[in-house]
Amino acid sequence: MKTSAPDQHDDLRDALRALCAEFPAEYHRKHGAAETYPEEFIDALTKAGWLAAMIPEEFGGSGLGLTEASIVMEEINRCGGNAGHCHGQMYNMGTLLRHGSDEQKARYLPKIASGDLRLQSMAVTEPTTGTDTTKLKTTAVRKGDRYVVNGQKVWISRVQHSDLMILLARTTPLADVQRKSEGLSVFLLELDQVIGKGMDVKPIPNMVGHETNELFFDDLEIPADTLIGEEGKGFRYILDGLNAERALIAAECIGDGYWFVDQASRYAGERQVFGRPIGQNQGIQFPIARAFAHVEAANLMRFEACRRFDAMEPSGAQANMAKLLAADASWEAGNACIQTFGGFGFAEEYDVERKFRETRLYQVAPISTNLILSYVAEHILGMPRSF
Ligand SMILES: Cc1cc2nc3c(=O)[nH]c(=O)nc-3n(C[C@H](O)[C@H](O)[C@H](O)COP(=O)(O)OP(=O)(O)OC[C@H]3O[C@@H](n4cnc5c(N)ncnc54)[C@H](O)[C@@H]3O)c2cc1C
């Protein structure tokens, strides 16, 4: 299916499609049903260097832009896989790259680029504060050459399949800062140094087989040099990475959207009911055509967000709108697809129900649709702040 978006990345897409073809639908279905991690697939992506796409060449990465990185994510989903198993590395790495010290970058980035280390996890969300991030309660208190961490996180992805994790914690009490976004700091933890040594991990079984966990910090001691950048500036560092994250998630949704449209239009042409293909009925055609139009429109916004990001132009508005439009479009395409498949849409063997569940996540995480609408209303349209 040729898309309308300007896209000169056929070679990149061909290479990814060749790799993805080694992991057919049955592979992803098996891991989806058993809720196990697709280790071999992620290994193959890592070895081929795709997860180091955005690491500069001086550190051993490919030095590609967000546009190319987003195509990696899109193709994984478009080929029937789920980039949610590995997308964290693409955007978490940016925090280290932009704000880490020279020593931290030299220590970690080459090993992340070669695949010897994975930086797949970022711990921000907390059970009692949720979206209200600046109120988070996990604290890191400086004691000599160490910080002592106490608190709890929830929904933290891929901890069992990562070597490193970014942690956001409060280093100055909320009552002592001028602005609530101040006093939060980012740390880069080596997971084998902390799991069972002050940080406990409890998996959360969930609807999408996305590996997520609760984390409990009980007087966890971490070296002071795990701090990234300046103490107290961590919230800004996390915000810095969000435009890339939004665009990458938009690309995954677009991959899902095209996958649903492909499946639905093919099945509608093949399935015979009342002596003719169901796709001959406009009641079947129109929802698929409408969903396709919306995926195409979201795709244009995604490429514009990536273009601006790569050109170092402001991209917040486009990245947020791309995520919103793409998540809505993939969900609409998922609905059209499952309806087209009728009862068979619910059978595991067609993968529609799995992809349907997987794409639903992006209405909620990593940022919910409401919060993007609130960003658009208040930051782009200048309406009064609601929180
Ligand atoms: C599978 C999965 C993986 C995840 N991975 C990670 C991870 O790796 N790291 C991490 O830190 N977090 C992760 N998260 C957490 C995710 O980012 C949050 O679930 C998400 O940001 C929403 O926060 P919440 O669940 O606390 O919802 P809440 O903040 O409790 O909000 C609940 C609902 O209310 C709405 N709402 C809240 N306030 C407002 C308002 N003022 N106006 C309008 N609507 C509002 C929200 O939009 C949402 O729909 C993951 C979540 C899931 C489900």
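The values are calculated or read from the model by the stated rules, or taken from the named source; none is laboratory data. The model shown is predicted, which means the values in this text are computed figures rather than measured ones. Don't worry about glycine lacking a Cβ; one is built from the backbone with ideal geometry, like all the others, and counts go over all protein chains shown.
Here are the numbers for this structure:
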| read-out | value |
| --- | --- |
| Residue match in segment 90-105 (condition: over 20 Å from the mean Cα position of the chain (by Cα), polar (S, T, N, Q) and over 17 Å from Leu12 (Cα atoms)) | yes |
| Filter pass, Gly84 being within 13 Å of the ligand (Cβ to nearest atom), assigned to a helix (DSSP H, G or I) and under 15 Å from the mean Cα position of the chain (by Cα) | yes |
| Within segment 117-150, tally of residues that are among the aromatic types (Phe, Trp, Tyr) and without any contact (Cβ under 8 Å) to a residue 60 or more places away in the chain | 0 |
| Only one of Ser121, Ser70 that is part of a helix (DSSP H, G or I) and crowded, with 18+ Cβ neighbours inside 10 Å | Ser70 |
| Members of segment 44-53 that are touching a residue at least 40 places away in the same chain (Cβ under 8 Å) and either outside any loop (DSSP other than H, G, I, E, B) or in contact with a Leu (Cβ under 6 Å, 6 or more places away or on another chain) (or both) | Leu45, Thr46, Lys47, Leu51, Ala52 |
| Qualifying residue in segment 238-251 (condition: assigned to a strand (DSSP E or B) and over 30 Å from Cys20 (Cα atoms)) | no |
| Residues that are small (Gly, Ala, Ser), more than 6 Å from the ligand (Cβ to nearest atom) and not in a helix (DSSP H, G or I), drawn from segment 348-385 | Gly382 |
| Residue within segment 95-116 that is surrounded by 16 or more Cβ atoms within 10 Å (Cβ to Cβ), within 17 Å of Thr226 (Cα to Cα), at pLDDT 95 or above and within 12 Å of the ligand (Cβ to nearest atom) present | no |
| Arg146 being within 28 Å of Asp116 (Cα to Cα) and over 24 Å from the mean Cα position of the chain (by Cα) | yes |
| Hits in segment 129-183 - residues which are among the acidic types (Asp, Glu) and either within 12 Å of the ligand (Cβ to nearest atom) or under 24 Å from Tyr375 (Cβ atoms) (or both) | Asp132, Glu182 |
| Pair list, Cβ under 7 Å, 6 or more apart: segment 341-365 residue closer than 30 Å to Ala247 by Cα and without any contact (Cβ under 8 Å) to a residue 12 or more places away in the chain, other residue among the aliphatic types (A, V, I, L, M) and crowded, with 20+ Cβ neighbours inside 10 Å | Gly345/Ile338; Gly345/Val352 |
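Yes or no, residue by residue, for (1) assigned to a strand (DSSP E or B); (2) over 30 Å from Gly115 (Cα atoms); (3) modelled with pLDDT of 95 or more:
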position	(1), (2), (3)
Val141	yes, yes, yes
Gly151	yes, yes, yes
Val154	yes, no, yes
Ala169	yes, no, yes
Gln178	no, yes, yes
